[in-house]
Structures are given as C-alpha cells and as structure tokens.
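Report on the structure given below.
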Amino acid sequence: MNKVKCLIIGSGPAGYTAAIYASRANLSPVLIEGPQLGGQLTTTTEVENFPGYPDGVEPFTMMDDMRRQAERFGTQFVSGIVTKVDFSVSPKKVIVEDEIEYEADAVIIATGASAKYLGIESERTYRGRGVSACATCDGFFYRKKTVAVVGGGDTACEEANYLAGLCEKVYMIVRKPYLRASEIMQQRVLNNPKIEVLFEHNTVQLTGENKVQGADLVYRKGEPDEAMRHIDIDGFFLAIGHHPNTGLFKEYLNCDAEGYIIVDGDSPRTNVPGVFAAGDCADPHYRQAVVAAGSGAKAAIEADKYIKSL
Ligand code: NDP
C-alpha cells in the first residue's frame with residue numbers, strides 16, 4: 001500500500017498542470033500517466049494556440065516541457081492504467097494495473113476524452129486496415145493516396161489539412177450543409193485544392209477486400225433528392241468528436257448523460273469531497289489545452305485546501 005497526499009490520474013495538459021501546482025504546494029503528488037502519455041494533444045500536428053509559443057510547438061515537445069516542469073518540483077510519475085477506484089472511503093483508494101494500491105487524501109481526475117466512431121459495422125471490420133481516428137498517427141501510411149475524413153469541426157479540418165500535405169486527395173464527409181469549425185480552419189480547408197468537401201453526406205458502409213478501398217455515401221438522406229454516391233478511398237479517418245474517459249468513476253461521481261463529470265459551478269469539485277476533476281473529462285464545451293491546463297491548476301489549489309482542512 002502506497003500512501004500519498006495527492007494522486008493525479010492522467011497525463012494531458014490538465015494532469016501535468018495539476019502536478020506542477022500540487023508539487024509546488026508541497027503535496028508530493030504521484031501522477032498515473034495512463035494509456036496515452038501526453039494525452040489527446042499528442043494526436044494533433046502542431047499547437048498554434050497555446051500562449052507562450054509564438055511560433056507554434058510540436059505537441060510532444062509541449063507535453064514533455066510540462067512533464068519536466070512537474071518533475072522539477074518533485075512530481076513522481078507512474079506509468080500504468082488505473083483499473084479500479086474506491087471513493088466511498090477516506091483516504092480514497094486507487095488501484096493501478098490491478099496490483100499497485102494507492103491511498104490518497106485527494107484525487108485529481110484528468111483522464112480526458114477519446115475519439116468517437118460512427119458505429120457502422122464495416123468500421124469495425126476495417127479498424128487498423130484503413131480506418132483510423134488519428135491522422136497524425138496514421139497519415140504517413142497514406143502518402144500519395146486518397147483518403148476521407150468524417151466530420152465538420154476543428155478536428156476534422158485540422159486532420160484534412162494535415163492529410164492534404166501527404167495525400168493525393170482528401171474528401172471531407174460532412175453531414176450538415178456547413179462546417180462547424182472556426183473560421184480560420186474552414187478557410188484553410190475550403191482554399192486547399194486537394195480537399196473536396198462533400199456536404200450533406202453520410203457514410204453508409206465501407207467497402208474493400210481485406211482493407212478499405214471505398215465508401216458508399218448517401219446524399220441528403222430522406223429528402224426528395226436523396227442520392228447514393230461511391231468514392232474510392234484508401235483510408236477513412238474519423239473526426240466526429242470524443243467521449244469522456246470516466247467509466248471507472250461513474251459509480252461514485254455524478255456525471256451527465258454523455259459521461260462528463262459534473263463539477264460544482266466553475267470549480268473542479270465533484271460530489272465526493274477530496275475528488276476533483278480537471279480538463280476534458282469534465283468539459284464538454286471548450287476542450288482546449290489551455291482551458292484544461294487552467295482547470296488543472298484550479299484542481300491542485302482546491303486539493304491543497306482540502307488536504308489542509310483534514
Ligand atoms: P466537434 O464536436 O466540434 O465536431 C464534431 C463534428 O463531427 C461535427 O461536424 C459533427 O457534425 C460531426 N459528427 C458528429 N457525429 C457525427 C456522426 N455520427 N456522423 C457524421 N458526423 C458527425 O468536435 P471536434 O473534435 O472537431 O472539436 C471539439 C472541440 O475541440 C471544439 O470546441 C473545437 O473547437 C476544439 N478543437 C480546437 C482545435 C484548435 O483550436 N486548433 C483543434 C481541434 C479541436 P454536426 O456539426 O452536424 O454536429
């Protein structure tokens with residue numbers, strides 16, 4: 001049994017920032033890094049909107065900077081995945097990889113969110129054989145090929161632009177007649193001659209022998225001018241949003257219908273005293289690295305106050 005004052009779960013901007021603040025407050029935090037070191041941000045290409053990097057920054061560099069900053073003040077890192085928690089007791093129990101048990105006065109959850117899939121059968125059939133939810137991870141395999149990106153938000157636009165730099169052609173499959181992304185991202189997509197946006201299209205199924213070779217789409221489903229269309233593609237990239245990684249905590253914490261942890265107003269306090277939530281696992285709205293970092297700072301400040309009150 002390991003006894004700690006402050007245990008942080010997650011290694012994205014929220015977790016690392018919480019660790020910087022908690023270690024500077026002498027809470028000697030232990031941070032469990034989880035399955036994706038550096039968090040979701042590391043699946044992007046370049047971070048252009050985090051203050052302090054006027055020329056942009058590679059996501060891995062930025063996350064490593066944050067990690068080293070936390071390490072400098074004494075954060076201890078544990079690589080592994082949390083498999084069980086018990087928040088009904090005090091101190092709280094957190095078990096890593098089913099064997100290492102921690103008791104913590106305060107727990108900060110910063111487990112982020114994961115990519116959503118459409119839920120069509122063929123998406124599962126071809127996963128890893130042409131279907132991906134991470135252009136930065138897998139785009140390289142589609143150099144000079146034709147791919148499709150599903151979604152009309154900032155992520156989809158960013159991925160389409162990134163893939164256009166590698167591929168022969170990129171289709172964007174957008175279910176609405178407009179893009180939801182920020183103006184600057186929309187302009188980049190619409191001005192890129194390699195990207196063709198297919199508005200009001202939905203994917204019916206993927207086709208191909210052993211790997212993705214095409215997609216059957218439907219245009220304006222249910223409308224009088226409904227039409228089917230087939231596109232030849234080698235890769236199919238999902239960029240339709242995320243769901244929060246909160247399954248382990250639902251037994252103890254109040255969550256909304258989508259699974260986001262409900263916090264008290266704009267504080268990081270959950271319904272369990274001593275358990276705090278920061279970053280995308282509690283934020284269905286902003287989902288920005290800088291916002292996650294800010295909420296990580298708040299969570300550490302609240303954890304410090306809580307521990308001092310014990
Ligand atoms: P969003 O929720 O903003 O967009 C999801 C997109 O996927 C929408 O176009 C949505 O369509 C579409 N979609 C959802 N479900 C389906 C489905 N079943 N079939 C087809 N299309 C579907 O998610 P993002 O991941 O793009 O962005 C999340 C947040 O992160 C946003 O706030 C965004 O601004 C931010 N972000 C910021 C970046 C930056 O600033 N550089 C980069 C990346 C993300 P519809 O519009 O019809 O709902």
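The values are calculated or read from the model by the stated rules, or taken from the named source; none is laboratory data. Worth saying up front: this structure is predicted, and the values here are computed from it rather than measured. No Cβ is skipped: glycine too gets one built from the backbone with ideal geometry, and neighbour counts run over all protein chains shown. Side chains included, ligands, DNA and RNA excluded: accessible areas come from the protein's heavy atoms. Shrake-Rupley method; radii C 1.70, N 1.55, O 1.52, S 1.80 Å.
Just a few scattered comments:
- Inter-centroid distance (Cα atoms) of segment 86-142 relative to segment 13-79, Å: 17
- Accessible-area ranking of 226, 99, largest first, probe 1.4 Å: 99, 226
- Rg over Rh for the chain works out to 1.03, both radii taken from alpha-carbon positions and Rh defined as the Kirkwood radius.
- Kyte-Doolittle at least -0.5, axis length at least 24 Å by Cα - qualifying DSSP helices, the chain: 289-309
- Accessible area per residue (1.4 Å probe, heavy atoms of protein chains only) ranks 41, 190 as 190, 41, with the largest value leading.
- Gyration tensor (Cα) of segment 214-310, equivalent ellipsoid semi-axes in angstrom: 42, 14, 12
- Only DSSP H runs of four or more residues enter the estimate; each adds -39500 (n - 2.57), and after division by the residues of the chain the mean residue ellipticity at 222 nm equals -7500 deg cm²/dmol.
- For the chain, with all protein chains in place and a probe radius of 1.4 Å, 48% of the accessible heavy-atom surface sits on carbon or sulfur.
- Ligands, DNA and RNA aside, residue 229 has an accessible area near 90 Å² when probed at 1.4 Å.
- Per residue accessible area of the chain, 1.4 Å probe, in Å²: 49
- Measuring between alpha carbons in the structure, the pairs from 211/250; 93/116; 116/176; 221/250 lying more than 27 angstrom apart are 211/250; 93/116; 221/250.
- For residue 307, net neighbour charge (Lys/Arg +1, Asp/Glu -1) across residues whose Cβ lies under 9 Å away: +1
- As a calculated quantity, the FRET efficiency between residue 204 and residue 310 at R0 = 41 Å, using C-beta atoms, amounts to about 0.10.
- Taken along the Cα-to-beta-carbon direction at a fixed 7 Å, the label points for residue 58 and residue 78 span 3.1 nm.
- Relative contact order computed over segment 117-238 (Cα-Cα under 8 Å; 6+ residues apart), in percent: 30
- Among 160, 59, 230 - extreme Cα towards positive end, dipole of the chain, charges at beta-carbon: 59
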